[in-house]
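The values are calculated or read from the model by the stated rules, or taken from the named source; none is laboratory data. A quick note: this is a predicted structure, and the numbers were derived from the prediction, not measured. Heads up, the Cβs are rebuilt from the backbone with ideal geometry, glycines too, and the neighbour counts pull from every protein chain shown. The accessibility values were calculated without ligands, DNA or RNA, using every heavy atom of the protein model including side chains. Shrake-Rupley method; radii C 1.70, N 1.55, O 1.52, S 1.80 Å.
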Amino acid sequence: MFKIIGGFVLKHLPAIILAALIAIIAWQFYSITSERDKAIKDYTELKHALDIAKAENTGKLAELKAEGFRNKADQDKQHIADIQHIGTQYGRVINNDKATINRYRADISDKLRQQQAANSGNGMPKDDAGGLAGDDGNPAAIRLEEESPGFYKQAYSGAQQYIETLEQAGAVCAVDYNRCYAYAKSEQGRLGVESSDVIE
């Protein structure tokens, strides 16, 4: 039996070797093409996933941008309304024009500077220590004209105007600060950034 098999193998050895080589080559070809097909499939799926992620990211960015514009527009409206309310309290009509609001701020600053310059006035000269100064430099010695009711009435009126201007300027500064603070906080919340994440 073994002789018959051995004789058959020897007789057909070239054909067997050739068949074995063809089988090995076919298996290698199948393995390579399978890996290639799998790589193409994986690449296609990855590209599709990246395209979806890119589209979603683009949509999210557009949504965040639109939300930022809406937030800023709402805050601008509120800021203008606050400035108009302050102006109304002090008898000043202010529209929603940015240049008008800036002029309003500039007018308050000018008024403060003028009143500070006149502060030593209003009939009340002051010494270096800030006290009322008489002819002899003694804060306790007040000139006669400073004792008149008109002098004190004028001084009181000037002080009241100065306080009112300070209140008005303080209110505008507070509104400006609150707007900036609210905008910064809303942007942090919108972008998912906490104040603790900001590097000092």
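In this structure, the pairs whose alpha-carbon distance is over 27 Å, taken from 38/60; 65/98; 98/153; 65/185; 47/72; 60/185, are 38/60; 98/153; 47/72. Of the peptides 49-55, 171-177, 78-84, the ranking by mean beta-carbon count within 10 Å, highest at the top, reads 78-84, 171-177, 49-55. Computed with a 1.4 Å probe on the full set of protein chains, the accessible area for residue 72 sits at about 80 Å². Sorting the segments 108-117, 31-40 by their residues' average number of neighbouring beta-carbon atoms within 10 angstrom, most packed first, yields 108-117, 31-40.
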